[in-house]
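Okay, structure first, notes after.
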Amino acid sequence: MRKAARYLREHFADVVRPLVRLTLIPDGKTVLVRNTDGKRLVDATAEGNVVIRFAVAAIVRNVREKVAKLAASREIAIQVRGVSYRVVLTPDLEAGGFSVEVPDLPGVITEGDMVGHARSMASDAIRLWLDANPSR
C-alpha cells in the first residue's frame, strides 16, 4: 500500500487527497487505480503499467441493441392453398424458439424451435384452420 500511495502522490499530483478521490482495487498482490478519466486501470505497484483499457459504455450499448433486435417480433409471409398469410414470429428469450401467430385467422397460434420449424408449424395450423372453416 505504501508503494501504491507513493505512486499516487507522484503521478496524480493534481488530485487533492488521492486516496479519497481515486478508486483503488487491491487484489492481494497489486493495487489497481482507476485513472481520473475512468477509462483505464493502472497497476500502482508496477511502475504504472496500464492493465486494462476499454470503453464500457459502447459495449453495453451494443449488447442492449443486439438483445432488443433478438427480442423483436418479425413478420413473414406463408403461402397456403394459393393465399398469402401474414405470420408473426415472436422470440421466446427464456425458453427459446418462437411463438407464432396468424393475425388474419383468429386463434391460430403455435410455436417452433427455429424459424424453419415455426414456418412449418404455421403452415400446418393454417391448413387445419381452413379445414375447420371451409367458408374462408
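Values computed for the structure shown
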item: Contacts under 8 angstrom Cβ, first residue in segment 108-136 being free of Cβ contacts under 8 Å to residues at least 24 places away in the same chain, partner assigned to a helix (DSSP H, G or I) and among the acidic types (Asp, Glu), 6 or more apart; result: 110/124
item: Residue within segment 61-68 that is in a strand (DSSP E or B) and at pLDDT below 95 present; result: no
item: Residue 89 being part of a loop (DSSP other than H, G, I, E, B) and at pLDDT 95 or above; result: no
item: Residue list for segment 100-136, filter: surrounded by 14 or more Cβ atoms within 10 Å (Cβ to Cβ) and of a type in the set (Ser, Thr, Tyr); result: 110, 120, 123
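The values are calculated or read from the model by the stated rules, or taken from the named source; none is laboratory data. Source: prediction; values computed, not measured. Here Cβ is always computed from backbone atoms with ideal geometry, including for glycine, and neighbour counts include all displayed protein chains.
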